Amino acid sequence: MSKKHLVFIVNPNSGVDRQKEIQKSIDEHLDQHTYTYEIVHTGYAKHGIELARAAAKEGAYAVVAVGGDGSVNDIAKGLAGTETALAIIPKGSGNGMARTIGIPLNTNEAIAIINKGNMIKMDVGYANDHLFVSNAGVAFDALISKKFSKSKRRGFAVYSWLVTKYMWLYKERTFDITIDGQQLARRAFIVNVANMQQFGYNFKIAPSASWTDGMLDVVIIRRFPKILGGLLVARAMNGTITKSPYVEHYLAKTVTLTNPLLKLMQTDGDAHECTDRIEFRVAEGVQKVIVP
């Protein structure tokens, strides 16, 4: 039986020590009776999309995203429409997708998952033409994604500081939202459309979301007294945010969102410009992924 080929895509900005750790873990723990492999490095923003697309074209069994949710998003974009599977070794800050599907944060344990080779087909979402694996949003979460991307430091402490600072400064807007034909107008702090459960750091914005049910979870956090912000965060961490009286939760196949001043959105934590109208949809069971 011929061996299956893996392509590990690594961001060299993660540092020399981390690259050495990845190589050592692969050498010591990857089942090389089953797999051949190569390691490639990204050289610039969005290079992972091109590298994943090339790997799929050459018939790779799986592409392994060595990084965070942004890296996973790039590789999923590159693999869209192919038969090549996605695998993850989480090396980002929040690692929302890996945490949701149960990929261990320990490198050796993540490689053990790849060795087992359990595979499912997962849903992905689209916000206009932007593919997302985990979630997309247009309000406070988009602002935090932009601020976090510009921060020279990473980690939960920085993320928490940004959330705390800007929560008090953020001005809610009214969004016109259509959820499978149902029309709403909400003055909202967050409007998030989720395929998976969390932003990262175990902050569960959509705790009941499933990436295999063919549906998107729409979570609307309405304007709330900012003094209660800590309580909402606590609910997010313990998985009860959708039970808050300030939160609405819907399941949908399609969502349309408009606001004349809308200019910024985030997909999988990557902030970018957008139009004043965004159409969200789900593509059911289109991406193979290696899971525990």
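So that you can scan it fast, the table gives a plain yes or no per residue for (1) within 21 Å of residue 281 (Cα to Cα); (2) of a type outside the set (Val, Ile, Thr):
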| site | (1), (2) |
| --- | --- |
| 193 | yes, no |
| 197 | yes, yes |
| 209 | yes, yes |
| 212 | yes, no |
| 219 | yes, no |
| 225 | no, yes |
| 235 | no, yes |
| 240 | no, no |
Given 134, 145, 149, 160, which one is over 26 Å from residue 187 (Cβ atoms) and of a type in the set (Ser, Thr, Tyr)?
-> 149
Examine the stretch 5-17 for a residue that is buried (at least 20 other Cβ atoms within 10 Å of the Cβ), of a type in the set (Phe, Trp, Tyr), outside the structural domain of residue 159 (by TED's automatic domain parsing) and not in a helix (DSSP H, G or I), and state whether such a residue exists.
-> yes
Residue 289 vs (1) aliphatic (A, V, I, L, M); (2) surrounded by fewer than 17 Cβ atoms within 10 Å (Cβ to Cβ); (3) not assigned by TED's automatic domain parsing to the domain that holds residue 172: all pass except (2)
Screening 168, 211 for residues that are over 22 Å from the mean Cα position of the chain (by Cα) and not acidic (Asp, Glu) leaves only 168
Residue satisfying all of: in the stretch 128-155; among the aliphatic types (A, V, I, L, M) and surrounded by fewer than 23 Cβ atoms within 10 Å (Cβ to Cβ); modelled with the highest pLDDT among these | 131
Is it the case that the stretch 20-43 has a residue that's in contact with an Asp or Glu (Cβ under 7 Å, 6 or more places away or on another chain), on the phi < 0 side of the Ramachandran plot, outside the structural domain of residue 149 (by TED's automatic domain parsing) and surrounded by 13 or more Cβ atoms within 10 Å (Cβ to Cβ)?
-> no
Provide a single number: the residues in the stretch 75-99 that are assigned to a helix (DSSP H, G or I) and either free of Cβ contacts under 8 Å to residues at least 40 places away in the same chain or surrounded by fewer than 24 Cβ atoms within 10 Å (Cβ to Cβ) (or both).
-> 4
Return the only residue of 160, 145, 149 being of a type in the set (Ser, Thr, Tyr) and more than 25 Å from residue 75 (Cα to Cα).
-> 160
Any residue in the stretch 45-63 that is assigned to a strand (DSSP E or B), within 19 Å of the chain's Cα centre (by Cα) and within 21 Å of residue 116 (Cβ to Cβ)?
-> yes
Do any strands (runs of 3 or more DSSP E) lying entirely in the stretch 202-292 carry at least 3 residues that are over 20 Å from residue 75 (Cα atoms), and which ones are they?
-> 216-222, 247-252, 254-258, 277-290
Given the conditions (1) surrounded by 17 or more Cβ atoms within 10 Å (Cβ to Cβ); (2) out of contact with any His (no Cβ under 9 Å at 6 or more places or on another chain); (3) within 30 Å of residue 90 (Cα to Cα), and given that residue 186 satisfies all but one, which numbered condition is not satisfied?
-> (3)
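The values are calculated or read from the model by the stated rules, or taken from the named source; none is laboratory data. Predicted model only: the values in this text are computed from it and were never measured. So basically every Cβ, Gly included, is an ideal-geometry build from the backbone, and we count neighbours across all protein chains shown.
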